[in-house]
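Colleague: Pasting in a structure now, in structure tokens, and then I'll have a few things to ask.
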Amino acid sequence: MSSAAGTAPATPDDAAPWPGPFVRYDLIKELVVALVVMAALAVVLTILFSSPDDSPTTIQSWAKADPGDFLTTATTELNRTSEIATYGPPYNSTSGSAQKIGPISLQEAAGVKIPIDTAQNYVIEPLREIPADAGLKAALATYQAAPSKLQEAWAGAYEEALPKARFLGGVPILPAGRYGPVAPMMAALLGLAQSGGLDGALVAGNHRFYETNYTKPLLFLSGGEYFEERAEGQHLLGTQWGMMNETGSYPGQVWLWLYTFWYQVEPFKESPNADALIFVLMGILSLAFVCIPFIPGVRTLPRHLRVYRGIWRDHYREIES
Amino acid sequence: MWTTWVRERAVGALPPEKLLPDRQPAYVSSWIYVFGVATIAALVVVVASGMILGLKGPEWWHVTSIGRFFNGIHLWAVELFFFAMVVHLWGKFFMGAWRGGRGRTWVTGAVTFLVAIGAAFTGYLSQQNFDSQWIASEGKDGLNSVGIGSFFNVVDFGQMYTFHVILLPLAVVALVAWHVLLVRRHGVVPPYPAKAPKSAAPSPPQAAPSESGAP
């Protein structure tokens, strides 16, 4: 590098051509060197650490590993008391469940765009697909013909008894009770799930061959404690700064630290509207970040912080000497 | 002809000596300037490794060791990309790099950062492993809470994969290209004055340093 003639001015016009000294510069060379260094770093990091790939949770693995939790979740889906059944838009219209920003609920305003009837989609429709089971067909007919209060009573009694259930060869054995047709329905659903059939039924429930939308099975999985416990073991929960973490000890989306930070502090931590409030807050902060050059007070901050003295230390040393 | 007008405007705004200069102001000799080009270099590695993964399909990296290797390169290049970009952004903030009508340069850089976060987020959703399942089940709540979860459905793998391999990378690359052209057009921001101008001797308006990013 060689300096050209010229002396750095003390008060330059920021938009004017630089009147001070220049140095030789090869942009293409700089890019090629940077490319080689970055590619080499990525290869070395890959050789040293590879990348994480924890296998996904399937409904089959859940039903086999924790049949009690699977049945508890499925029963709340049948009874429409689960997290998804009472979620509100976009899945259903449960009153009072949508999050608000002050008096405004954008969630409510968007409406029900991905309708999910948990009893039908997660229990009754998959059970209807099981062929040649006269007992199950009769149980389904009995359940569907019963008044809704009786349906709720059967499912409620079954859910209450589940903690006392034993499983013999994958079959649930519960203490005697007034479960009506819910007991054979749930035993059949557990069998379907343990065979892997429920995974397929929920993905291809609309009888298409190709499918890329996993909304229904993922929402079903997310209602179970098994799924959450696995996430907790991988430090992925919201209370564990989960969104920015990755399974194992790998760096995840570290750049989401500020978004995740708000979930750890009040007033967001305990707020029922935390998601909406944090989303809007981050939207405002992002807009402010983009508009820094136009915000009085913020745009002049770097001048007062004087970190630039370190960045351009050679320049200042030269003009001050 | 409008095509002539476009050509003349393009060459007028970015003549070859501005687009690919062979000299830079001496103050550019600082390590902080490396991180801008390092960000672009990491982006090239991200896109190249992503194209190989995309060519072989989303299942390939789960079932072959060579696929896993390229997924590793993709992951680590993304981490390097964000590291370099964040250092670059902080550097530009401390330089007040929007001065002298360079506001659009900052804005395109900041928007690139935000869009890149979306590109990375959809990448994590497209992994088809437990991490992507969990991120989808958590991420849906934020998006649903403001009414956009059904339009940008994070539990719909097909939609997220399309965003990740086509739409958002195109947006990031286009924004980076725009950003670089703006840098080339307006040049790198000069250092702050060594001493603040004395109020007793006001500078003429055209010589006063501009803190605003407005052109």
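Colleague: Looking only at helices (runs of 4 or more DSSP H) that fall completely inside the range B:1-64, which ones have 2 or more residues that are in contact (Cβ under 8 Å) with a residue 40 or more places away in the chain? Lay out the reasoning, then the answer.
Modeller: Working: elements: B:2-13, B:16-19, B:34-56, B:60-63.
Correct list: B:16-19, B:34-56.
Colleague: Let me ask something else. Can you give me the number of residues within the range A:47-59 that are surrounded by 18 or more Cβ atoms within 10 Å (Cβ to Cβ) and assigned to a helix (DSSP H, G or I)?
Modeller: Counting residues in the range A:47-59 that are surrounded by 18 or more Cβ atoms within 10 Å (Cβ to Cβ) and assigned to a helix (DSSP H, G or I) gives 1.
Colleague: Still on this structure, please answer the following. Let me confirm something: among A:90, A:56, A:103, which residue is in contact (Cβ under 8 Å) with a residue 24 or more places away in the chain and either in contact with a Phe, Trp or Tyr (Cβ under 6 Å, 6 or more places away or on another chain) or not assigned by TED's automatic domain parsing to the domain that holds residue A:183 (or both)?
Modeller: Working: A:56 fails: in contact (Cβ under 8 Å) with a residue 24 or more places away in the chain; A:103 fails: in contact (Cβ under 8 Å) with a residue 24 or more places away in the chain.
Result: A:90 is the single residue among A:90, A:56, A:103 that is in contact (Cβ under 8 Å) with a residue 24 or more places away in the chain and either in contact with a Phe, Trp or Tyr (Cβ under 6 Å, 6 or more places away or on another chain) or not assigned by TED's automatic domain parsing to the domain that holds residue A:183 (or both).
Colleague: Wholly within the range A:237-321, which helices (runs of 4 or more DSSP H) include no fewer than the required count, namely at least 1 residues that are within 7 Å of another protein chain (Cβ to nearest Cβ) and aromatic (Phe, Trp, Tyr)?
Modeller: Working: elements: A:257-262, A:274-290, A:301-305, A:308-311, A:313-320.
Qualifying helices (runs of 4 or more DSSP H): A:274-290, A:308-311, A:313-320.
Yes or no, residue by residue, for (1) in a loop (DSSP other than H, G, I, E, B); (2) under 29 Å from the mean Cα position of the chain (by Cα); (3) of a type outside the set (Asp, Glu); (4) more than 11 Å from residue A:71 (Cα to Cα):
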site	(1), (2), (3), (4)
A:159	no, yes, no, no
A:167	no, no, yes, yes
A:176	yes, no, yes, yes
A:183	no, no, yes, no
A:189	no, yes, yes, no
A:198	no, yes, yes, yes
A:202	no, yes, yes, yes
A:209	yes, yes, yes, yes
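Colleague: Would you mind stating whether residue B:37 is modelled with pLDDT of 95 or more and over 19 Å from residue B:182 (Cβ atoms)?
Modeller: Numbers: modelled with pLDDT of 95 or more: yes; over 19 Å from residue B:182 (Cβ atoms): no.
Spelling it out, it is not the case that residue B:37 is modelled with pLDDT of 95 or more and over 19 Å from residue B:182 (Cβ atoms).
Colleague: Okay, next question. Checking the structure you have, find out if any residue of the range A:209-226 is of a type in the set (D, E, K, R) and more than 30 Å from residue A:105 (Cβ to Cβ). Lay out the reasoning, then the answer.
Modeller: Applying the first criterion (of a type in the set (D, E, K, R)) to the range A:209-226 yields A:211, A:216, A:225.
Going one step further and asking which of them are more than 30 Å from residue A:105 (Cβ to Cβ), we end up with A:211.
Yes, that holds for at least one residue.
Colleague: How many of the residues making up the range A:94-133 are more than 18 Å from residue A:223 (Cα to Cα) and part of a loop (DSSP other than H, G, I, E, B)?
Modeller: First pass over the range A:94-133, keeping only residues more than 18 Å from residue A:223 (Cα to Cα): A:95-96, A:99-113, A:125, A:127-133.
If we keep only those that are part of a loop (DSSP other than H, G, I, E, B) as well, we get A:95-96, A:99-100, A:102-103, A:105, A:111-113, A:129-133.
Summing the residues that are more than 18 Å from residue A:223 (Cα to Cα) and part of a loop (DSSP other than H, G, I, E, B) in the range A:94-133 gives 15.
Colleague: Here's another thing I want to ask about it. Residues to consider are A:296, A:302; find the one that is surrounded by 19 or more Cβ atoms within 10 Å (Cβ to Cβ), closer than 27 Å to residue B:104 by Cβ, more than 17 Å from the chain's Cα centre (by Cα) and of a type outside the set (Asp, Glu). Show your work before the answer.
Modeller: On the way: A:296 fails: surrounded by 19 or more Cβ atoms within 10 Å (Cβ to Cβ).
The conditions single out A:302.
Colleague: Considering only residues that are assigned to a loop (DSSP other than H, G, I, E, B) and either more than 7 Å from every other protein chain (Cβ to nearest Cβ) or free of Cβ contacts under 8 Å to residues at least 40 places away in the same chain (or both), which ones fall in the range B:97-121?
Modeller: So in the range B:97-121, the residues assigned to a loop (DSSP other than H, G, I, E, B) come out as B:97-102.
Of everything in the range B:97-121, those that are assigned to a loop (DSSP other than H, G, I, E, B) and either more than 7 Å from every other protein chain (Cβ to nearest Cβ) or free of Cβ contacts under 8 Å to residues at least 40 places away in the same chain (or both) turn out to be B:97, B:102.
Colleague: Something else now. Check whether at least one residue in the range B:61-82 is within 19 Å of the chain's Cα centre (by Cα), closer than 17 Å to residue B:184 by Cβ and buried (at least 16 other Cβ atoms within 10 Å of the Cβ), and report yes or no.
Modeller: Checked the range B:61-82: no residue is within 19 Å of the chain's Cα centre (by Cα), closer than 17 Å to residue B:184 by Cβ and buried (at least 16 other Cβ atoms within 10 Å of the Cβ).
Colleague: Which condition from (1) in contact with an Asp or Glu (Cβ under 9 Å, 6 or more places away or on another chain); (2) away from chain B (no Cβ under 14 Å); (3) surrounded by 20 or more Cβ atoms within 10 Å (Cβ to Cβ) is the one that residue A:99 breaks?
Modeller: (2)
Colleague: Check A:144, A:120 and return the single one that is loosely packed, with under 14 Cβ neighbours inside 10 Å, over 30 Å from residue A:277 (Cβ atoms) and of a type in the set (S, T, N, Q). Break it down into steps so the answer makes sense when it comes.
Modeller: Details: A:120 fails: loosely packed, with under 14 Cβ neighbours inside 10 Å.
Every option except A:144 fails the conditions.
Colleague: Taking into account only those residues within the range B:122-139 that are of a type in the set (S, T, N, Q) and touching a residue at least 40 places away in the same chain (Cβ under 8 Å), which is surrounded by the most Cβ atoms within 10 Å (Cβ to Cβ)? Quick ask: steps written out before the conclusion?
Modeller: Of the residues in the range B:122-139, the ones of a type in the set (S, T, N, Q) are B:122, B:126-129, B:132-133, B:137.
Filter again for touching a residue at least 40 places away in the same chain (Cβ under 8 Å), leaving B:122, B:126, B:128-129.
Working: B:122: 22, B:126: 19, B:128: 18, B:129: 18.
Within the range B:122-139, the match that is surrounded by the most Cβ atoms within 10 Å (Cβ to Cβ) is B:122.
Colleague: Taking helices (runs of 4 or more DSSP H) that fall entirely within the range B:122-196, which contain at least 1 residues that are among the small types (Gly, Ala, Ser) and under 30 Å from residue B:97 (Cβ atoms)? Walk me through it before giving the result.
Modeller: Working: elements: B:130-145, B:157-162, B:168-186.
Fully inside the range B:122-196 and qualifying: B:168-186.
Colleague: Taking the residues in the range A:215-253 that are without any contact (Cβ under 8 Å) to a residue 60 or more places away in the chain, touching a Phe, Trp or Tyr at 6+ places or on another chain (Cβ under 7 Å) and among the hydrophobic types (A, V, I, L, M, F, W, C) as candidates, determine which candidate is nearest to residue A:59 (Cα to Cα).
Modeller: Residues of the range A:215-253 without any contact (Cβ under 8 Å) to a residue 60 or more places away in the chain: A:218, A:228-229, A:231-233, A:235-245, A:249, A:251-253.
Next, only the ones that are touching a Phe, Trp or Tyr at 6+ places or on another chain (Cβ under 7 Å) stay: A:231, A:236, A:238, A:243-244, A:253.
Retained after the next criterion (residues that are among the hydrophobic types (A, V, I, L, M, F, W, C)): A:231, A:236, A:243-244.
Values: A:231: 15, A:236: 20, A:243: 23, A:244: 26 Å.
Ranking the candidates gives A:231 first.
The values are calculated or read from the model by the stated rules, or taken from the named source; none is laboratory data. All figures in this text were calculated on a predicted structure; none of them were measured in a lab. Note: ideal-geometry Cβ built from the backbone for every residue, glycine included; neighbour counts use all protein chains shown.
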